[in-house]
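The values are calculated or read from the model by the stated rules, or taken from the named source; none is laboratory data. Everything numeric in this text was worked out from a predicted model, so none of it was measured. Cβ placement follows ideal geometry from the backbone for every residue including glycine, while neighbour counts extend to all protein chains displayed. We work out accessible area using only protein heavy atoms, side chains counted, and drop any ligands, DNA or RNA first. Shrake-Rupley method; radii C 1.70, N 1.55, O 1.52, S 1.80 Å.
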Amino acid sequence: MSAASAAAAGRRAAEARMTSRATIRRNTGRTAQDETTGLEVPIWDTTYADLPFRLGGANSGSSGTRTQDIGGVEVQLAIRTAHLPAATANVRDGDLIEVDSGENAGTIWRVVEGDWADQQTARRVPIVAADRPEEW
């Protein structure tokens, strides 16, 4: 079996395990006026909808964390892993992933690092739990 066909088989197997569905949204940096409140709210673009998704633990079974300053206090946030189809090319730092169906439906995750390695069976990106933006 060639390396290319082995990678393709691995990608099919990895995607078969992605039984949840998710939507990925990106803050455009633009705002619009909310018709109800009159307030300016951020505009979000949907980069992917109904995307196969799997929520994994930390890489290699380790308990990775990220330090974040919240109100002047540093806290440790657990880093999880988003498993996406290998062809998912348009994911950036700061994108939000909303799990639409599956075991974790209704949760929101922020992409910590959108880069990924080549020759992988899935696109795996580190994520942390996030709050749902009010404007959604």
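Counting residues in segment 61-72 that are at pLDDT 80 or above and buried (at least 16 other Cβ atoms within 10 Å of the Cβ) gives zero.
Just to verify a result, which residue in segment 76-103, among those that are open to solvent by less than 50 Å² (accessible area, probe 1.4 Å) and either outside any strand (DSSP E or B) or free of Cβ contacts under 8 Å to residues at least 24 places away in the same chain (or both), is farthest from Asp45 (Cα to Cα)? Step by step, filter segment 76-103, then rank; the result is Ile79.
Within segment 104-122, restricting attention to residues that are more than 10 Å from the chain's Cα centre (by Cα) and modelled with pLDDT of 90 or more, the residue that is least open to solvent (accessible area, probe 1.4 Å) is Ala122.
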